[in-house]
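Asks: Here you go, one structure.
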Amino acid sequence: MGGVSAIIGTLALLGFLLFLVGAGLAVMAASQGRPARGGVLLAVIGLLAGLLLSLISQGILIVEPTQVAVVVNTLTGTLEEPARGAGTSVVIPVVQLYYIYPITQQQYTMAGKELEGQVRGNDAVQARTRDGQEITMDITVLYSINPAKVNTVHTRWQTGYQDNFVRPTVRGIVREVVSGYGAEEIYGTQRGEMENEMQRRIAERFDQEGLTLTDLLVRDISFSELFRQAIEQKQIADQEAQRAELQIRQRENEAAQLRAQAEGERDARIARAQGEAQAIVLRAQAEAEALRLVSEQIAANPSLIQYLYVQNLSDNVNIALVPSNSPFLFDFSSLAQPNADFVAPNVPEVIIPQAEPEATPQPGG
């Protein structure tokens, strides 16, 4: 689209050149005493064509897709609402002026390196923390113009919005936010919280002026050498304290394990002693009960002792039962012969007197 305007401008330039050629021919013809009508006509045509094409060229507004145009009425001083977007339109030359603004993403960097930011030299943001420590930060903001609010940008800042608004606003808000944090907080875990607060406040301020903040990049934070040394010493002390605490905990755990082991052994010994005591009691009770039963049986059966005695004799002992009041004499040698019931030479004999049965009382006796 920009090529059309350029072509029309080129044609307008050719028209003005044709005017100059016609004027030259008219002057030459007049100086030679010839009619200058042809040269005058050519000059008039060239002038009219140049003026017309120039007006047409200035009256065509071509806006690229990445741009937006603010149109100003020079007679009333008002801005056309809304601003003109991408495309080709017509403006009234002289009466209407237009200003082109980019709506693509832009960036502004403030850094300590010589050629990194928009400003040459050390342009990093210096701020002071709540506890008086001075820090230096490299800041980059990514932003764009809100097409719906481009008239606000033009009214308040025109084309100088980057140097006149973006730069001082970012630096001021960064310093304000940093002043609410301690140096150790920024050095430690609250750096992310600080950056989020910066981004939120800058985004709010940009929106008021017709800009949209895309991102805030805090790319480097530098502390003073004394502060870094103090932080390192504190970290070393914290690590040593943590190691000491860990050792204490390990010793406490070892002592607890030893106590638990001793208590377990003690409980085991107590349990064994109690078990043995209970076993002794139970055995004693069983033996006492057995003796009681034996006593009852002996009292009821006096011959039981003799029976048990015989039952416990060796298998090699010969036994003969004879009545205790027998008037007969027995030859124990004959009882040991092979035809006897039991033969066991050189085996002691045991004679157990057998009590006579009690006489049964006779009737009438």
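Asks: Among the residues of segment 106-133, write down those that are outside any strand (DSSP E or B), surrounded by 13 or more Cβ atoms within 10 Å (Cβ to Cβ) and not hydrophobic (A, V, I, L, M, F, W, C).
Replies: If the condition is that a residue be outside any strand (DSSP E or B), surrounded by 13 or more Cβ atoms within 10 Å (Cβ to Cβ) and not hydrophobic (A, V, I, L, M, F, W, C), then G112, K113, E116, G117, Q118, N122, D123, T129, R130, Q133 are the ones that fit.
Per-residue answers, yes or no, for (1) within 27 Å of R84 (Cβ to Cβ); (2) of a type outside the set (D, E, K, R); (3) touching a residue at least 24 places away in the same chain (Cβ under 8 Å):
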{"position": "T129", "(1), (2), (3)": "no, yes, yes"}
{"position": "N146", "(1), (2), (3)": "yes, yes, yes"}
{"position": "Q158", "(1), (2), (3)": "yes, yes, yes"}
{"position": "N164", "(1), (2), (3)": "yes, yes, no"}
{"position": "V170", "(1), (2), (3)": "no, yes, yes"}
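Asks: Give the residues of segment 70-86 that are in a strand (DSSP E or B) and within 15 Å of T155 (Cβ to Cβ), sorted by residue number.
Replies: V70, V71, V72, N73, L79
Asks: Quick one: count up the residues across segment 1-51 that are at pLDDT 70 or above, surrounded by 15 or more Cβ atoms within 10 Å (Cβ to Cβ) and either of a type in the set (S, T, Y) or closer than 30 Å to Q67 by Cα (or both).
Replies: 2
Asks: Out of all the residues in segment 202-218, which are in contact with a strand residue (DSSP E or B) (Cβ under 7 Å, 6 or more places away or on another chain) and surrounded by 13 or more Cβ atoms within 10 Å (Cβ to Cβ)?
Replies: Answer for segment 202-218, where residues must be in contact with a strand residue (DSSP E or B) (Cβ under 7 Å, 6 or more places away or on another chain) and surrounded by 13 or more Cβ atoms within 10 Å (Cβ to Cβ): I202, A203, F206, G210, L211, T212, L213, T214, L216, L217, V218.
Asks: Taking only segment 179-230 into account, find how many residues are assigned to a loop (DSSP other than H, G, I, E, B) and farther than 16 Å from G132 by Cα.
Replies: The total comes to 5.
Asks: Going through segment 87-105 one residue at a time, which ones are without any contact (Cβ under 8 Å) to a residue 40 or more places away in the chain, exposed (fewer than 13 other Cβ atoms within 10 Å of the Cβ) and part of a loop (DSSP other than H, G, I, E, B)?
Replies: V94, V95
Asks: Taking G188 as the residue in question, decide whether it is under 18 Å from L216 (Cβ atoms), loosely packed, with under 14 Cβ neighbours inside 10 Å and within 36 Å of the chain's Cα centre (by Cα).
Replies: For G188, the condition - under 18 Å from L216 (Cβ atoms), loosely packed, with under 14 Cβ neighbours inside 10 Å and within 36 Å of the chain's Cα centre (by Cα) - is not met.
The values are calculated or read from the model by the stated rules, or taken from the named source; none is laboratory data. These numbers come from a predicted model, not from an experiment. Glycine also receives a Cβ, built like all others from the backbone with ideal geometry; neighbour counts cover every protein chain displayed.
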